[in-house]
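Encoded as structure tokens, the structure appears first; notes follow it.
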Amino acid sequence: MPTYDAIIIGQGYAGLKAAKKAGEQGLKVATVEAMFPGGLIMSINELHPVPQGEPPCGPELTGNLAMDVMDSGAQNVSAQVGTVRAVDGGWEVQADGEALVGRHLIIASGARLRKLGVPGEADYEGRGVSSCADCDGPLIHGKPAVIVGGGDAAFQEAVALAAYAGHVTILMRGESPRARAEFVEAVVAHPAIEVISCVRVSEIVGSPSEGMTAVRTVDGQGSVSDLPSSAIFAFVGLEPVADFLPPDFARDDQGAVIVTDGLRTSQPGAWAIGAVRTGFGGALVDADADAHAVVAAILSDVPVA
Ligand SMILES: Cc1cc2nc3c(=O)[nH]c(=O)nc-3n(C[C@H](O)[C@H](O)[C@H](O)COP(=O)(O)OP(=O)(O)OC[C@H]3O[C@@H](n4cnc5c(N)ncnc54)[C@H](O)[C@@H]3O)c2cc1C
């Protein structure tokens, strides 16, 4: 028999919000997190937009939320989910040797930043190749840095990085940015940020002794140039994280868990919320809406003692 009403995989914003809401509604919940609570926003010191009533700093926001979840009586397991399988009356989650059984499964395992997939990226990981402007920005104080991407995350992080780096160059594949107008305006107005469009990164250049030293680019005419840079941050999209799911869960060609009306996956009693699911809106308010909706759906199915 299941021990929990629901097992939530992931303590990003979606998973934490769902755990908090479920606890408030009297559901017995276990959460499983492989790293530390917070997910993608753990590295964002200045959120924009900020969900109403929350602090604007990602680590503070998620710290508060994690405390609320602990107070709600949820069982928090610090472990990596390896497999899940349907069992009599629910779902069994295997995480670092521990088996948890819940009547419902809430998949909130989010997404990771997509890699560029170019030579040098793996070689200089942690020696110039980074994904967190606020964590690694201070290490390149006054030096040149590159951001890759044309969306919200790239433009938002360029402004954060410019507080540390001497000069920030944004490299975009497209002709014009996809970022929101307010982020584009902030970048354009910033004297230390430059935008170069219609280029792609072909290699990250460096040496074993110096770490990365330049970003090699190719423009639309095929011209190759090396842009001197001490660091590179790629914000070129997200990849859903759900490797632990068995193949009978329907996923789209990007790996996102396919949900139908009401956040139901293709498997009964299993739900997907936040950045791991198809059709996710992208922002924290969307993750919050998912968390509320999934708890409401489960409540209509689980008798609360
Ligand atoms: C650079 C950047 C800046 C952003 N800034 C903003 C902003 O300012 N405002 C805004 O509204 N939105 C912002 N977003 C979007 C926001 O980050 C997402 O909406 C939100 O993080 C989605 O939350 P999530 O819980 O679905 O996923 P995630 O944040 O990815 O959390 C998933 C969690 O699941 C865990 N997990 C994964 N696999 C396993 C496993 N096998 N076992 C156990 N645990 C596992 C992960 O460790 C992680 O903690 C930003 C996104 C990026 C990339």
| query | For the subset of the range 151-172 comprising residues that are touching a residue at least 40 places away in the same chain (Cβ under 8 Å) and assigned to a loop (DSSP other than H, G, I, E, B), which member is nearest to the chain's Cα centre (by Cα)? | reply | Gly151
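Name every residue in the range 121-142 that is part of a loop (DSSP other than H, G, I, E, B) and buried (at least 22 other Cβ atoms within 10 Å of the Cβ), in order of residue number. Quick ask: steps written out before the conclusion?
At the first step, the residues of the range 121-142 found to be part of a loop (DSSP other than H, G, I, E, B) are 121-124, 126-128, 131-132, 141-142.
Gly128, the sole residue that qualifies.
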| query | How many residues, within the range 108-127, are away from the ligand (no atom under 16 Å from the Cβ) and among the small types (Gly, Ala, Ser)? | reply | 4
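Would you point out the residue of the range 192-241, among those that are assigned to a loop (DSSP other than H, G, I, E, B) and within 16 Å of the ligand (Cβ to nearest atom), that is nearest to Gly126 (Cα to Cα)?
Keep residues of the range 192-241 that are assigned to a loop (DSSP other than H, G, I, E, B), which gives 192, 197-198, 208-210, 220-223, 229-230, 235-237, 241.
Remaining after also requiring within 16 Å of the ligand (Cβ to nearest atom): 235-237, 241.
Numbers: Phe235: 16, Val236: 18, Gly237: 20, Val241: 22 Å.
Top of the filtered list is Phe235.
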| task | Being surrounded by fewer than 17 Cβ atoms within 10 Å (Cβ to Cβ) and closer than 25 Å to Ile7 by Cβ is the filter; apply it to the range 51-67 and report the residue that is nearest to the ligand (Cβ to nearest atom). | result | Gly63
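Could you tell me whether any residue of the range 108-120 is buried (at least 16 other Cβ atoms within 10 Å of the Cβ), over 28 Å from Gly12 (Cα atoms) and in contact with a strand residue (DSSP E or B) (Cβ under 8 Å, 6 or more places away or on another chain)?
If we filter the range 108-120 for residues that are buried (at least 16 other Cβ atoms within 10 Å of the Cβ), which is where we start, we get 108-111, 113, 116, 118, 120.
Then drop every residue that is not over 28 Å from Gly12 (Cα atoms), which leaves 118, 120.
If we keep only those that are in contact with a strand residue (DSSP E or B) (Cβ under 8 Å, 6 or more places away or on another chain) too, we end up with 118, 120.
For the range 108-120, residues buried (at least 16 other Cβ atoms within 10 Å of the Cβ), over 28 Å from Gly12 (Cα atoms) and in contact with a strand residue (DSSP E or B) (Cβ under 8 Å, 6 or more places away or on another chain): present.
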| query | Residue check: is Phe280 assigned by TED's automatic domain parsing to the domain that holds Thr31, surrounded by fewer than 20 Cβ atoms within 10 Å (Cβ to Cβ) and within 14 Å of the ligand (Cβ to nearest atom)? | reply | no
| field | Scope the range 78-101; condition in contact (Cβ under 8 Å) with a residue 40 or more places away in the chain, within 20 Å of Val276 (Cα to Cα) and of a type outside the set (D, E, K, R); matching residues | value | Ser78, Ala79, Gln80, Val81, Gly82, Thr83, Val84, Ala86, Trp91, Val93, Ala95
| Just one of the numbered conditions (1) under 21 Å from Pro37 (Cα atoms); (2) in a strand (DSSP E or B); (3) in contact with a helix residue (DSSP H, G or I) (Cβ under 8 Å, 6 or more places away or on another chain) is not true of Ala145; which one? | (1)
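Looking at this structure, is Phe244 within 13 Å of the ligand (Cβ to nearest atom) and either under 30 Å from Leu139 (Cα atoms) or at pLDDT below 95 (or both)?
No.
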| request: Go through the range 260-295 and give me each residue that's aliphatic (A, V, I, L, M), in contact with a helix residue (DSSP H, G or I) (Cβ under 7 Å, 6 or more places away or on another chain) and not in a helix (DSSP H, G or I). | output: Ala272, Ile273
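In the set His48, His104, which member is within 14 Å of the ligand (Cβ to nearest atom) and touching a residue at least 60 places away in the same chain (Cβ under 8 Å)? Show your work before the answer.
Working: His104 fails: within 14 Å of the ligand (Cβ to nearest atom).
So the residue among His48, His104 that is within 14 Å of the ligand (Cβ to nearest atom) and touching a residue at least 60 places away in the same chain (Cβ under 8 Å) is His48.
The values are calculated or read from the model by the stated rules, or taken from the named source; none is laboratory data. From a predicted model like this one, the values you see are computed outputs, not experimental measurements. Glycine gets a Cβ as well: all are built from the backbone with ideal geometry, and neighbour counts include every protein chain shown.
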